[in-house]
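Asker: Structure provided below as structure tokens; questions to follow.
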Amino acid sequence: NAGVTQTPKFRILKIGQSMTLQCTQDMNHNYMYWYRQDPGMGLKLIYYSVGAGITDKGEVPNGYNVSRSTTEDFPLRLELAAPSQTSVYFCASSYQEGYTFGSGTRLTVV
Amino acid sequence: GNSVTQMEGPVTLSEEAFLTINCTYTATGYPSLFWYVQYPGEGLQLLLKATKADDKGSNKGFEATYRKETTSFHLEKGSVQVSDSAVYFCALVNDYKLSFGAGTTVTVRA
């Protein structure tokens, strides 16, 4: 029972580079989310999806894009990495009010 | 909008001490309330939840009661252990999205 799987676990990017953070869940949950965690700031919602083909912005969407072509996958795209995007990123999925989080991706932009 | 305010840390305790972490919220309607725990280097795990006023959530010796009149959901444990050292997040869900407090770092010393 894998739950929510995120890859990679760690990544260092140079300013202006792009990358995709992968997120896959095997629980057939319709709802999926991307959060970023900054020290002392809790988790902030970047984007979320209520089902395949449907995505919407959260609190801090600038600089990010998402897609949801299947129920299982919810990748997060950074097009032009900036130092302000240095953070730990968590993907989550939910059914009713049961949320499952991935183990996170630690991203550093230098 | 929705917001969660929790006690600032860090909190340092000796083993077997009593732990309280205060949490208050602002929300429309009657959201479900959660406490999540994050152990070093890991993702978030659900610690306990309460879905309506006066409900008490409990798990692993931790308790929290949903107090609608004071819009609070304080976390308590009567006798902490070194293994309880972690970051604790208070959260609420409204419209399927979780909103988190800033987190409280708890360190328990032997």
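Asker: State all residues of segment A:88-110 that are polar (S, T, N, Q), away from chain B (no Cβ under 14 Å) and open to solvent by less than 10 Å² (accessible area, probe 1.4 Å); if no residue qualifies, say none.
Answerer: Here is the first cut: in segment A:88-110, the residues polar (S, T, N, Q) are A:93-94, A:96, A:100, A:103, A:105, A:108.
Imposing the further condition that a residue be away from chain B (no Cβ under 14 Å) reduces the set to A:108.
Passing the criteria: none in range.
Asker: Restricting the search to segment B:84-110, which residues are farther than 27 Å from residue A:55 by Cβ and aliphatic (A, V, I, L, M)?
Answerer: B:86, B:87, B:106, B:108, B:110
Asker: Please find, within segment A:71-89, the residue that is nearest to residue B:44 (Cα to Cα) out of those that are of a type in the set (A, V, I, L, M) and part of a strand (DSSP E or B).
Answerer: A:88
Asker: Quick check, is residue B:52 more than 14 Å from chain A (Cβ to nearest Cβ), out of contact with any Asp or Glu (no Cβ under 7 Å at 6 or more places or on another chain) and open to solvent by 10 Å² or more (accessible area, probe 1.4 Å)?
Answerer: For residue B:52, the condition - more than 14 Å from chain A (Cβ to nearest Cβ), out of contact with any Asp or Glu (no Cβ under 7 Å at 6 or more places or on another chain) and open to solvent by 10 Å² or more (accessible area, probe 1.4 Å) - is not met.
Asker: Which condition number in (1) open to solvent by 30 Å² or more (accessible area, probe 1.4 Å); (2) under 11 Å from the mean Cα position of the chain (by Cα) is the one that residue A:79 fails?
Answerer: (2) is the only condition that residue A:79 fails.
Asker: From the list A:33, A:47, which residue is open to solvent by 10 Å² or more (accessible area, probe 1.4 Å), among the aromatic types (Phe, Trp, Tyr) and assigned to a strand (DSSP E or B)?
Answerer: One residue alone meets the criteria, A:47.
Asker: A further question follows. Could you list, in sequence order, all residues of segment B:39-66 that are outside any strand (DSSP E or B), under 14 Å from residue B:92 (Cβ atoms) and not aliphatic (A, V, I, L, M)?
Answerer: Of segment B:39-66, the ones outside any strand (DSSP E or B) are B:39-43, B:51-55, B:60-61, B:66.
With under 14 Å from residue B:92 (Cβ atoms) added as a condition, the list becomes B:51-53, B:55, B:66.
Once the filter is applied, which keeps residues that are outside any strand (DSSP E or B), under 14 Å from residue B:92 (Cβ atoms) and not aliphatic (A, V, I, L, M), segment B:39-66 yields B:51, B:52, B:55, B:66.
The values are calculated or read from the model by the stated rules, or taken from the named source; none is laboratory data. The model shown is predicted, which means the values in this text are computed figures rather than measured ones. Counting neighbours? That spans all protein chains shown, and the Cβs are built from the backbone with ideal geometry, glycine included. We work out accessible area using only protein heavy atoms, side chains counted, and drop any ligands, DNA or RNA first. Shrake-Rupley method; radii C 1.70, N 1.55, O 1.52, S 1.80 Å.
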